[in-house]
Amino acid sequence: MLSPYGRSTLAKTFLLCALLAAAGLLTSGVFKILLPAAAAVFFLFTLFFFRNPARITPQERGAILAPADGRIILIKKIIHPFTGPDSTLVSIFMSLFNVHVNRVPLSGTVIHLSYHPGKFLMAFDHNSMTDNERMEIGMENSDIRIFFTQVAGFIARRIVCSLQTGDTVQAGSRFGMITFGSRLDIVIPAGTRLTVSEGQKTSAGETVIATYDITT
């Protein structure tokens, strides 16, 4: 399954690769083989990048799920205006080889969306959290509110987010992606119980990163 968020990129890449391959076939010598081969490899990698595998969402009540595939590069206590004091920041770095489709970490309602243009620092640089182009998303349910951010990286130059303020969404559902290497930061409030550690790999919509108490 391919991501619907990558359809325009795939179409443009196919056209470019077809032209490159055709140009190679019109040449002679090594380029007659090299150009079509390079076009094929590039297009196959693009298909690989925009893969969109099915995931099995845990049915555990009170679970906060990883919004992205990747590796946790930072866990830090912070004060956050949306989630309050003693919140926990969890940063997930996505390499070129990770699935880049992002998934909703919590069932609830989207109450905040804010896009910020910015720089394109390397995604593993922690300054990218505040300096890079990013989309901030805040949501809540009757028990908890969380805040997460899609952050563009050095290569990633396109953030896709299909959410709208007021949307009611289910945990594990797809909501967007960031193309070609990036990071996703999620902030959870005090009182949650973290279940992951730095260096751990995550799977979007499947890995439980924290739990919270259900009151209703």
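Return the FRET efficiency for the residue pair Gln59, Ala37: r is the Cβ-Cβ distance, R0 is 45 Å, and the value is rounded to the nearest 0.05.
0.45
Could you pull out every one of the aspartates and glutamates with an alpha carbon less than 17 Å from that of Lys76, ignoring same-chain neighbours closer than 8 positions?
Result set, ordered by chain and number: Asp86, Asp125, Asp185, Glu198.
Give me a comma-separated list of calculated 3J(HN,Hα) values for the stretch 190-197, in order, Karplus coefficients 6.51, -1.76, 1.60 applied at θ = phi - 60°, integers in Hz, x for any Gly or Pro.
Those phi angles translate into 4, x, 7, 10, 5, 10, 10, 9 Hz.
Per residue of the stretch 140-150, in order, report the coupling 6.51 cos²θ - 1.76 cosθ + 1.60 (Karplus, θ = phi - 60°) as ³J(HN,Hα) in whole Hz, putting x for Gly and Pro.
Per residue, the Karplus-derived 3J(HN,Hα) values read 8, 10, 5, 10, 7, 10, 9, 9, 9, 9, 7 Hz.
Return a whole-number percent for the relative contact order of the chain, with Cα pairs under 8 Å and 6 or more residues apart as the contact set.
Averaging sequence separation for qualifying contacts and normalising by length gives 26 percent for the chain.
Please give me the summed charge of the neighbours of Phe148: other residues whose Cβ is under 10 Å from its Cβ, Lys and Arg +1, Asp and Glu -1.
Summing Lys/Arg as +1 and Asp/Glu as -1 gives -2.
Identify which of Val90, Val151, Val30 has the largest mean-square fluctuation in a Gaussian network model of the chain, with springs joining Cα atoms closer than 10 Å.
Val30
Sticking to Cα atoms, compute the Rg of the chain to one decimal and its Dmax as the biggest Cα-Cα distance, whole number, in Å.
Spelled out, the Cα radius of gyration and Dmax of the chain are 19.3, 72 Å.
Give me a comma-separated list of calculated 3J(HN,Hα) values for the stretch 68-81, in order, Karplus coefficients 6.51, -1.76, 1.60 applied at θ = phi - 60°, integers in Hz, x for any Gly or Pro.
Residue by residue, the stretch 68-81 yields 8, 6, x, 10, 6, 10, 7, 10, 8, 7, 9, 9, 10, x Hz.
Using only DSSP helix segments of four residues or longer, with each worth -39500 (n - 2.57), what per-residue ellipticity at 222 nm results for the chain after dividing by its residue count and rounding to 500?
Helix-only estimate at 222 nm: -6500 deg cm²/dmol.
Among Asn141, Asn98, Asn52, which one shows the highest mean-square fluctuation when the chain is modelled as a Gaussian network with alpha-carbon springs under 10 Å?
Asn141
State the Cα centre-to-centre distance between the stretch 4-34 and the stretch 89-104 in whole Å.
Going from one Cα centre to the other spans 29 Å.
Using the number of other C-beta atoms within 10 angstrom as an exposure proxy, rank Tyr5, Tyr212 with the fewest first.
Going from sparsest to densest Cβ surroundings: Tyr212, Tyr5.
Can you list residues whose amide H is under 5 Å from Glu206's amide H, if they're 5+ apart or on another chain and H is modeled 1.01 Å from N?
It is Ala66, by chain and number.
Local charge sum around Thr88 (other residues, Cβ-Cβ under 15 Å, Lys/Arg +1, Asp/Glu -1)?
So the surrounding residues net to +1.
In the neighborhood of Gly172, defined by Cβ-to-Cβ distances under 9 Å, what is the net charge if each Lys or Arg adds +1 and each Asp or Glu adds -1?
Once positives and negatives cancel, what remains is +2.
Bear in mind these aren't lab numbers, they're just calculated from the coordinates by the rules spelled out. Not measured: the values here are computed from a predicted model. Please note: Cβ atoms are built from the backbone with ideal geometry, for glycine as well, and neighbour counts cover all protein chains shown.
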